[in-house]
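Engineer: Okay, handing you the structure first.
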Amino acid sequence: MKKMLPVLLWDVLPSIAAYYLLRWLQVAEHTALLAATCVGVLRVGQVALKERRLDGFAACTGLVFALGLILSFLTGDHRFLMVVKSITTAVLALVLVGTCLAGRPAAFGIAKRFGAEDEATAARWDALHAAQPAFRRVYVVMTLTWAAALLAESAVRVPLVYLLPMDVMMILSPMLLIATLVLLGVWSARYGGRAERILSASPRS
């Protein structure tokens with residue numbers, strides 16, 4: 001959790017905070033999306049120049065807002081702009097599925113980044129991921145579960161946008177996503193114990 005907190009504060013929260021702050025100030029949707037995208041891009045650039053690496057979390061957050069910005073130009077309808085959020089969430093879910101198809105499930109990369117104490121430990125995790133199907137399966141299942149939950153959340157939001165008043169959905173929409181992420185976090189912490197047991201049982205090199 002200590003390793004995760006700086007990532008949330010510096011890589012994820014700034015873009016989200018910029019968007020919702022501007023919307024709270026009644027700034028136009030397009031402007032708020034553009035600002036959130038720029039914040040994500042600036043963070044990616046900062047990390048690339050300072051640490052010579054790609055910040056995947058900031059890049060992903062910026063990409064989500066950038067996609068929302070592009071889609072928002074298709075229409076000025078406020079309800080459709082709300083649906084755009086479901087589309088971006090669904091695209092993120094598909095990206096997660098893609099990481100599994102590529103053989104590097106996103107959950108494994110996240111767990112390794114925040115769970116491996118040093119490069120030797122990270123290398124050991126990579127070796128275990130390559131050699132142990134049970135270990136690999138934990139992160140495939142975890143990543144696919146995240147994808148399924150995000151797809152379900154985006155699917156639920158779409159009909160609600162057209163059934164409920166906009167004032168209600170402005171509050172309910174972010175709450176749906178937050179609740180989904182919280183539930184995923186709790187489940188992942190418990191399910192991830194399987195990987196920890198495999199790690200504990202495997203011999204250290």
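Engineer: When M142, M82 are ordered from fewest to most other Cβ atoms inside 10 Å of their Cβ, what list results? Kindly include the intermediate steps, with their values, before the conclusion.
Structural biologist: On the way: M142 25, M82 20.
Placing the least packed residue first, the sequence is M82, M142.
Engineer: Excluding A134 itself, calculate the net charge of residues whose Cβ lies under 13 Å from the Cβ of A134, where each Lys or Arg counts +1 and each Asp or Glu counts -1.
Structural biologist: Here the count lands on +3.
Engineer: Can you bin region 79-172 into rounded, prolate or oblate? Criterion: square roots of the alpha carbon gyration tensor eigenvalues sorted a ≥ b ≥ c, rounded for a/c under 1.5, prolate for a/b above b/c, oblate for the rest.
Structural biologist: Prolate shape, in that a/c is at least 1.5 and a/b is the bigger ratio.
Every read-out reported here was derived from the displayed coordinates using simple, explicitly stated rules and does not represent laboratory data. Quick caveat, the model's predicted, so the values are computed rather than measured. FYI the Cβ positions are ideal-geometry reconstructions off the backbone, even for glycines, and counts take in every protein chain you see.
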